[in-house]
Amino acid sequence: MNSLWSATTRDVHFPQLKENIKTDVVIVGGGLAGVLCLKELTDRGVDCVLLEAKSIGSGTTQNTTAKITFQHGIIYDKLIKSMGIENAHKYLDANRNALEKYRKMSNVFPCDFEEKEAYIYSSTDRQKIENEIIAYEKLGVKAEFITDIPLPVESVGAVKVSGQAQFHPLEFLFSVAKGLNIYENSKVIEFLPNKARCTGGSVTAKKIIIATHFPIINKHGAYPLKLYQHRSYIIAAKGAPDVNGMYLEDKEDGLSFRNYKDYLLIGGGDHRTGKNSGGYKVLENFCKKNFRDATIDYRFATQDCISLDDIPYIGKYSKSSENIYVATGFNKWGMTSSMVAADILSDMVTGAENPYTDVFSPTRSILQPKLISNIFHSVTGIITPTTPRCPHLGCALKYNKEEHSWDCPCHGSRFTESGELIDNPATDDLKKN
């Protein structure tokens, strides 16, 4: 079903690749991260092209809540403890710079950009909120402890940060993409040394950027071990109140709120892909209970790649792969992280220094607590003897009654009831028996 964003904009179209071409950099994946990389490199005078298997913005970008913020949940207290204040500051600065770049670009590319205050609230743990505010103080960011928020939810406190933003992601994407060297309906079916081969042609390039959401090259980087995917659900309710800010509950399946014109977007119901949840029903019941006069006009779901340590993987694809780069694992904060990726990867492929490369490096240690859980889910999916099986790595698929799809609990690939691929890392449809 269409998201609010796809229903309220007119998309742009690009040709299919039907020849063999050469360029300096080829970007694979036409979501916001890929298009921003293309824009930044093009602005720097680099000869580059982008290949998209379907149409640009047709994946996670069109299904986001579209918040632009460096307030990524309760994260800075954790980062200071796990990686030190200097690296936590780098993470903050990278995302703060991304926010500022969006602010400037919105003057050129109209996208309903609005500055908003952002809140992370907790229904149970006041101390966690207070610790996060202390972390912000250590990092030199002004944050406030708020006891009352204008939402019909339980809250023992919230972290409030001013100067954050929200926008229309597809209006921005399509405006930025105009005039760039993009090929749609050009699915990469094989990677060769310095070459991406599609069904209708190929691109030979000195460097390759993989921006396909979940990386699709399995033999390098161990991404099936260090990534997993989460689904979350969004409804757009007309006639609900203006909450005048962006809100997120501090728990895995917590609720999210923001307005867009006449609509209140309510998100939540998060769960690991391939697992069960209340899905849309949780959000619909909340809306009916608290906003009785509202009508739900849009329902859409999104899927996010989650890293082991809650920091994206942006940089060199692996230690052994030369001239291949990646942007993935945005941990539900893809808007800001996409701009961070464009900044870091554009510097890396042009040989410029970037102060944030070490923090986001995909080759950093994977020895994190989530690794054991990720391995467990993968092994369980592989040894489960049921069918159908995912063509990615052979895991048993689970039927998703809420969305009428076959979902992989190992790495998050999804397929329609008839077997057509919806979400990667799988690259092929299900084989029909």
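Contact annotation: residue pairs with Cβ atoms under 6 Å, 6 or more positions apart or on different chains, pairing a residue in the range 28-45 that is in a loop (DSSP other than H, G, I, E, B) with a partner that is surrounded by 21 or more Cβ atoms within 10 Å (Cβ to Cβ) and aliphatic (A, V, I, L, M), are Gly29/Ala211; Gly30/Leu50; Gly30/Ile56. Every residue in the range 199-237 that is in contact with a Leu (Cβ under 8 Å, 6 or more places away or on another chain) and either free of Cβ contacts under 8 Å to residues at least 60 places away in the same chain or farther than 30 Å from Thr350 by Cα (or both), please. Tyr233, Ile234, Ile235, Ala236, Ala237 - these are the residues of the range 199-237 that are in contact with a Leu (Cβ under 8 Å, 6 or more places away or on another chain) and either free of Cβ contacts under 8 Å to residues at least 60 places away in the same chain or farther than 30 Å from Thr350 by Cα (or both). Can you name the residue in the range 189-223 that is open to solvent by less than 70 Å² (accessible area, probe 1.4 Å) and charged (D, E, K, R) and is also farthest from Cys48 (Cα to Cα) among such residues? Across the range 189-223, the extreme among qualifying residues is Glu190. Only one of the listed residues (Glu144, Glu154) is modelled with pLDDT under 95 and over 30 Å from Pro15 (Cβ atoms). That residue is Glu154. The single condition from (1) acidic (Asp, Glu); (2) closer than 30 Å to His377 by Cβ; (3) in contact with a Phe, Trp or Tyr (Cβ under 7 Å, 6 or more places away or on another chain) that Glu184 fails is (2).
For the range 282-316, the tally of residues that are surrounded by fewer than 19 Cβ atoms within 10 Å (Cβ to Cβ), of a type outside the set (A, V, I, L, M, F, W, C) and in a loop (DSSP other than H, G, I, E, B) stands at 2. On inspection, Asp429 fails the criterion of being at pLDDT 90 or above, surrounded by fewer than 19 Cβ atoms within 10 Å (Cβ to Cβ) and in a helix (DSSP H, G or I).
Being open to solvent by 20 Å² or more (accessible area, probe 1.4 Å) and not in a loop (DSSP other than H, G, I, E, B) is the filter; apply it to the range 317-333 and report the residue that is farthest from Gln164 (Cα to Cα). Filtering the range 317-333 for residues that are open to solvent by 20 Å² or more (accessible area, probe 1.4 Å) and not in a loop (DSSP other than H, G, I, E, B), the one farthest from Gln164 (Cα to Cα) comes out as Ile324.
The listed residues are Val108, Val49, and the only one of them that is of a type in the set (A, V, I, L, M) and open to solvent by less than 70 Å² (accessible area, probe 1.4 Å) turns out to be Val49.
Of everything in the range 152-167 that is part of a loop (DSSP other than H, G, I, E, B) and in contact with a Phe, Trp or Tyr (Cβ under 6 Å, 6 or more places away or on another chain), the residue that is most open to solvent (accessible area, probe 1.4 Å) is Ser155. In this structure, Leu371 does not satisfy being under 19 Å from the mean Cα position of the chain (by Cα), in a helix (DSSP H, G or I) and either farther than 30 Å from Asp43 by Cα or of a type outside the set (Val, Ile, Thr) (or both). Under the condition of being in a loop (DSSP other than H, G, I, E, B) and either touching a Pro at 6+ places or on another chain (Cβ under 8 Å) or among the hydrophobic types (A, V, I, L, M, F, W, C) (or both), which residue from the range 408-426 is nearest to His392 (Cα to Cα)? The qualifying residue nearest to His392 (Cα to Cα) is Ala426. Entry remark, the range 1-27: residues being crowded, with 16+ Cβ neighbours inside 10 Å, touching a Gly at 6+ places or on another chain (Cβ under 6 Å) and not in a loop (DSSP other than H, G, I, E, B) number 1 in total.
The values are calculated or read from the model by the stated rules, or taken from the named source; none is laboratory data. Values in this document were obtained by computation on a predicted structure and should not be read as measured data. Here Cβ is always computed from backbone atoms with ideal geometry, including for glycine, and neighbour counts include all displayed protein chains. Heads up: the accessible areas ignore ligands, DNA and RNA and are worked out on the full protein's heavy atoms, side chains in. Shrake-Rupley method; radii C 1.70, N 1.55, O 1.52, S 1.80 Å.
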